[in-house]
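Take a look at the structure set out below.
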Amino acid sequence: MARSDDEGDYVARAHEVGLTEIAIVDFAPFLSGDALGRRRTARAIAEACHEIGFFYLTNHGVPAEAIADVRAQSEAFFNLAPAERAKSAATPDWYRGWMDLSKVGLSSRSREIESYRIQTDHPWVGDQDAKTRHLYAPNRWPPGMPAFQQKATAYFEWMTRLAAHLRRAFALGLGLAEDRFEPYYANPLYQLTLLHYGSVDAADAAAVNSTPHTDEGPFTILWQDAVGGLEVKRRDGVWIAAPPIEDAFVINIGDMMMWWSNGRYLSNLHKVRNTSGRERYSIPFFANPDGEAIIAPLPEFVAEDGEARYPPAHVAQRMMQFAPKDVRAS
């Protein structure tokens with residue numbers, strides 16, 4: 001994940017622009033199985049991924065009830081007293097569960113945000129790097145909230161299915177076989193994060209909830225509530241708002257997909273600035289590959305371009321940067 005240290009990226013106010021700035025892709029033709037519909041949808045996705053790295057996805061097949069259920073459980077958890085939330089707090093060696101990100105010093109400007117992290121359960125085996133062992137710890141769940149685990153697990157499963165369809169669309173859009181990315185997903189380290197944002201001072205130009213950054217994994221599936229606050233940087237340097245669209249996910253390309261494509265798909269800077277005066281909830285699903293996978297520009301593109309524009313990266317080792325030494329939840 002890349003973070004921006006450019007002062008301009010923090011203080012830039014997002015322009016309210018027409019929704020044509022970020023493509024709206026109807027996924028129904030891809031899910032239908034029709035070959036022509038799949039190719040057309042993949043081309044539309046590829047164009048958006050090249051131009052800005054973001055698009056809205058409609059008719060994605062995830063039931064509205066599943067989204068509403070996990071959203072309700074997220075709000076119920078974040079409405080617990082701090083002492084109750086702390087019972088499922090993450091630790092440096094068990095980095096799943098609740099984190100009060102405004103307390104951990106990830107950035108002096110990252111504030112008014114807390115999260116709950118859930119990941120795929122994979123057993124750690126002894127021949128893996130011991131330094132990445134915490135990535136394979138089992139999920140922790142808030143005590144006394146059985147519905148939280150049930151609804152979050154159900155939503156996780158829906159995201160797993162959608163992610164599998166999307167990576168086939170990404171491959172097809174790049175002119176590759178649909179199953180080109182499948183070998184990287186034998187034991188994926190998928191991550192579901194429930195996020196709760198407070199409101200920051202609209203008068204403070206540098207106040208943000210999450211700092212300008214790119215996502216580390218190949219792509220992210222984001223549900224955001226009606227409050228808004230997501231902002232995206234265009235290729236020309238202008239920041240624009242990415243407001244919520246009812247019944248649509250926001251999909252964005254992350255660093256690893258940009259590396260695979262040797263730069264054909266853009267992993268783009270984005271941030272969250274909630275100045276609404278209300279609480280904001282969002283739920284990103286990070287479609288991370290197998291922890292032991294090595295991500296590098298695909299040879300098909302290296303041969304075409306004459307060079308690999310990005311160095312190889314080990315997935316689990318890259319994900320270690322998300323394990324701060326201090327995960328206090330007080």
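Sorting 134-141, 162-169, 306-313, 182-189 by average packing, meaning the other beta carbons within 10 Å per residue, from highest down gives 162-169, 134-141, 182-189, 306-313. Each peptide in 237-243, 198-204 receives the mean, over its residues, of other Cβ atoms within 10 Å, and ordering these scores from highest gives 237-243, 198-204.
Shown for region 7-322: lysine pairs separated by 8 or more places, or found on different chains, whose C-alpha atoms are under 30 Å apart, numbering 11. Note on region 168-233: the alpha carbon radius of gyration divided by the globular reference 2.2 N^0.38 Å gives 1.56.
Could you give the distance between the Cα centres of region 135-161 and region 41-79, to the whole Å? Each part's Cα centre sits 18 Å from the other's. Charges were assigned to the Cβ only: +1 to each Lys and Arg, -1 to each Asp and Glu. The resulting dipole of region 7-322 about its Cα centre is roughly 320 debye.
For region 7-322, the Kirkwood hydrodynamic radius from C-alpha pairs, put into Stokes-Einstein at 4 °C and a viscosity of 1.567 mPa s, yields a diffusion coefficient of 64 µm² per second. Sorting 66-72, 247-253, 221-227 by average packing, meaning the other beta carbons within 10 Å per residue, from highest down gives 247-253, 221-227, 66-72.
Need the full-extension length gain, ASP121 to HIS314, defined as separation in residues times 0.36 nm minus the C-alpha distance. One decimal, nm.
Values: separation 193, 0.36 × 193 = 69.48 nm, distance 1.92 nm.
Once the chain is fully extended between ASP121 and HIS314, it gains 67.6 nm.
Read-outs: derived from the displayed coordinates by stated rules, not from any lab. The structure displayed is predicted, hence computed values, not measured ones. Every residue, glycine among them, receives a Cβ derived from its backbone with ideal geometry; neighbour counts consider all protein chains shown.
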